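Participant: Below you will find the structure I want to go over with you.
The values are calculated or read from the model by the stated rules, or taken from the named source; none is laboratory data. Nothing here was measured: the structure is a model prediction, and the numbers come from that model. All Cβ positions, glycine included, derive from the backbone under ideal geometry; neighbour counts span all protein chains shown. All accessible areas refer to the heavy atoms of the entire protein, side chains included, with ligands and DNA or RNA removed. Shrake-Rupley method; radii C 1.70, N 1.55, O 1.52, S 1.80 Å.
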Amino acid sequence: MKNLKINNRFTAELPADPDQTNEVRQVKNALFSYVNPTKPSNPKLIHASAEVAELVGITADEIQSELFLNAFSGKEILPDTRPYAMCYAGHQFGNWAGQLGDGRAINLTEVEHNNDFFTLQLKGAGKTPYSRTADGLAVLRSSIREYLCAEAMHYLGVPTTRSLSLMLSGDEVLRDILYNGNPAYEKGAIVCRVAPSFIRFGSFEMLTARNELKNLKEFVEYNIKHYFPEIKGQPKEQYLQFFKTVADTTREMILHWQRVGFVHGVMNTDNMSIHGITIDYGPYGWLENYDPNWTPNTTDSQYRRYRFGNQPQIAQWNLYQLANALYPLINEAEPLEKILESFINNFESDHKTMFLSKIGIFTSTETDNKLIVDLEAALQLSETDMTIFFRNLSKIIKSDSAKTAIEKIQDSFYLPEEITGDILDSWKKWFALYIQRLNQEDLSDKDRSEKMNQINPKYVLRNYMSQLAIDEADKGDYSLINELYVLLQKPYDEQPESEKWFAKRPEWARSKVGCSMLSCSS
Ligand code: AMP
Ligand code: MG
């Protein structure tokens with residue numbers, strides 16, 4: 001891989017764990033531990049992204065090489081590199097969890113390409129000092145889900161880690177999918193993910209919790225220097241600016257999640273990136289029927305902390321934890337609190353603009369709040385598919401009657417027989433208001449429709465679609481992985497040959513494990 005330019009800043013500049021044994025332990029006074037991936041017994045490349053390869057300095061030809069197979073499965077270490085696992089802590093489901101760290105992720109190296117830096121990280125490459133009681137491995141099903149979803153999110157315009165490669169390890173992994181005492185062997189897999197860095201809110205929380213304030217200062221300054229070089233001024237001012245930047249990019253990320261109907265499922269502080277990118281795809285899911293209370297994560301089914309509608313509040317809660325972690329460097333609560341308050345205020349106003357843009361309204365008026373509130377209520381009266389509803393809404397023209405408009409979005413109803421009486425009346429009222437509102441806009445029907453179709457995707461990675469690809473891959477057929485990968489590269493385009501994927505969740509998927517119910521077991 002002749003253009004791969006190794007440039008390790010993280011390990012060169014930050015404190016390393018002096019202990020180099022690969023044993024589970026508390027790692028103090030260090031941000032990472034050197035550790036090599038476990039060699040897989042029989043790695044096999046299932047899929048790789050030529051675009052991501054090129055982004056980091058690997059050619060399409062090199063993807064087919066033995067070195068690529070070996071390096072990105074963990075079998076061979078790239079020349080001049082020294083893999084490492086990062087040490088971080090975090091709050092899980094609202095509770096302080098102490099040290100967590102890369103329990104099954106191993107950073108291979110940082111590379112520099114076209115003046116950008118990327119960390120290449122294997123997920124599922126074996127035990128590290130942070131594996132706690134687990135095996136450091138990942139199964140094929142969750143690796144397919146992560147691999148496909150990260151790329152789908154990227155093409156939707158949602159900030160995210162990228163996926164370079166998906167490999168089978170050739171080893172078996174024992175998992176109890178539903179945590180109900182029925183463990184079974186599954187195929188092991190390894191994904192190589194790519195991001196500017198995998199630094200998390202929990203990286204800072206760990207240093208503060210341990211009162212390692214010198215390391216904290218050094219680490220924050222490291223982040224500013226490399227990732228936010230535009231931040232200048234007095235140290236305290238810089239730290240605040242750093243926090244504000246993270247709050248801003250996090251807000252933008254959550255707005256995108258709400259726009260496309262993505263539910264992360266495990267918004268623990270160790271799964272929050274300082275770059276405002278989506279990381280750690282576990283039991284995530286896509287809203288099918290529009291239900292703000294929905295979460296795909298069965299581990300969270302009791303309190304639904306990470307439900308769709310709660311994601312903005314949770315992001316703010318997580319930012320609170322980051323603010324607490326930075327506090328010892330700032331020693332003043334007020335400016336941090338101000339940023340946290342403005343997070344929700346800005347979110348609400350941005351969310352309004354975003355939601356209106358989904359319905360084709362690009363200038364806001366006083367009465368638009370009602371339009372939004374009434375629509376959110378109507379969408380929940382009877383199961384209504386989010387993606388199909390918003391996509392088909394662009395077909396409505398200013399001269400439509402409410403009745404014609406309802407016919408145009410009819411396909412989004414899961415139970416069309418329920419759309420009678422009061423429910424039908426609510427929809428009629430809403431469409432009458434909506435069409436009236438459209439008539440106050442200057443945009444032509446055609447222009448509005450085109451704009452809306454750039455905001456409302458036609459194709460998303462519905463939960464059952466991944467499951468179909470997983471079922472086939474389990475049998476050794478990877479063609480659906482590639483079909484979905486190609487489809488989701490153009491989520492806003494009409495792709496007539498793929499119309500079958502613009503369809504409501506099939507009935508069989510309603511309560512199937514892996515489709516609407518997922519656990520953290522991966
Ligand atoms: P998550 O919420 O899935 O991102 O994981 C939370 C923590 O558990 C992280 O520190 C992971 O590295 C760790 N973890 C999850 N699965 C495994 C596994 N199979 N082996 C070792 N560590 C794991
Ligand atoms: Mg995680």
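Participant: Taking ILE372 as the residue in question, decide whether it is in contact (Cβ under 8 Å) with a residue 40 or more places away in the chain and among the β-branched types (Val, Ile, Thr).
Facilitator: Taking the combined requirement at face value, the residue does not satisfy it.
Participant: Every residue in region 324-361 that is outside any loop (DSSP other than H, G, I, E, B), open to solvent by less than 30 Å² (accessible area, probe 1.4 Å) and of a type in the set (Gly, Ala, Ser), please.
Facilitator: Selection gives ALA325, SER357.
Participant: Select from region 128-166 the residues that are away from ligand 1 (no atom under 16 Å from the Cβ) and charged (D, E, K, R) and list them in ascending order.
Facilitator: GLU151, ARG162
Participant: Right, next: Quick one: in region 281-296, which of the residues that are surrounded by 22 or more Cβ atoms within 10 Å (Cβ to Cβ) and within 13 Å of ligand 2 (Cβ to nearest atom) is farthest from LYS512 (Cα to Cα)?
Facilitator: Applying the filter and picking the extreme gives TYR281.
Participant: I would also like to ask the following. In the set ASP425, ASP442, ASP400, which member is in a helix (DSSP H, G or I) and either touching a residue at least 60 places away in the same chain (Cβ under 8 Å) or assigned by TED's automatic domain parsing to the domain that holds SER382 (or both)?
Facilitator: Exactly one of ASP425, ASP442, ASP400 is in a helix (DSSP H, G or I) and either touching a residue at least 60 places away in the same chain (Cβ under 8 Å) or assigned by TED's automatic domain parsing to the domain that holds SER382 (or both), namely ASP425.
Participant: Give me the residue from region 259-278 that is open to solvent by 10 Å² or more (accessible area, probe 1.4 Å) and more than 16 Å from ligand 1 (Cβ to nearest atom) and, out of that set, farthest from ALA323 (Cα to Cα).
Facilitator: ARG259
Participant: In region 240-258, what count of residues is obtained for those that are in contact (Cβ under 8 Å) with a residue 24 or more places away in the chain, open to solvent by 10 Å² or more (accessible area, probe 1.4 Å) and more than 13 Å from the chain's Cα centre (by Cα)?
Facilitator: Number satisfying all stated conditions: 5.
Participant: Taking only region 173-216 into account, find how many residues are in a loop (DSSP other than H, G, I, E, B) and open to solvent by 70 Å² or more (accessible area, probe 1.4 Å). Before you say what the answer is, go through the steps one by one.
Facilitator: In the first step, residues of region 173-216 are kept if they are in a loop (DSSP other than H, G, I, E, B); the result is 176-183, 196-199, 210-212.
Now restrict to residues that are open to solvent by 70 Å² or more (accessible area, probe 1.4 Å): 178-180, 182-183, 211.
Matching residues across region 173-216 total 6.
Participant: Residue check, VAL486 against (1) assigned to a helix (DSSP H, G or I); (2) of a type in the set (A, V, I, L, M); (3) in contact (Cβ under 8 Å) with a residue 24 or more places away in the chain, all met but one. Which one?
Facilitator: Among (1) assigned to a helix (DSSP H, G or I); (2) of a type in the set (A, V, I, L, M); (3) in contact (Cβ under 8 Å) with a residue 24 or more places away in the chain, VAL486 violates only (3).
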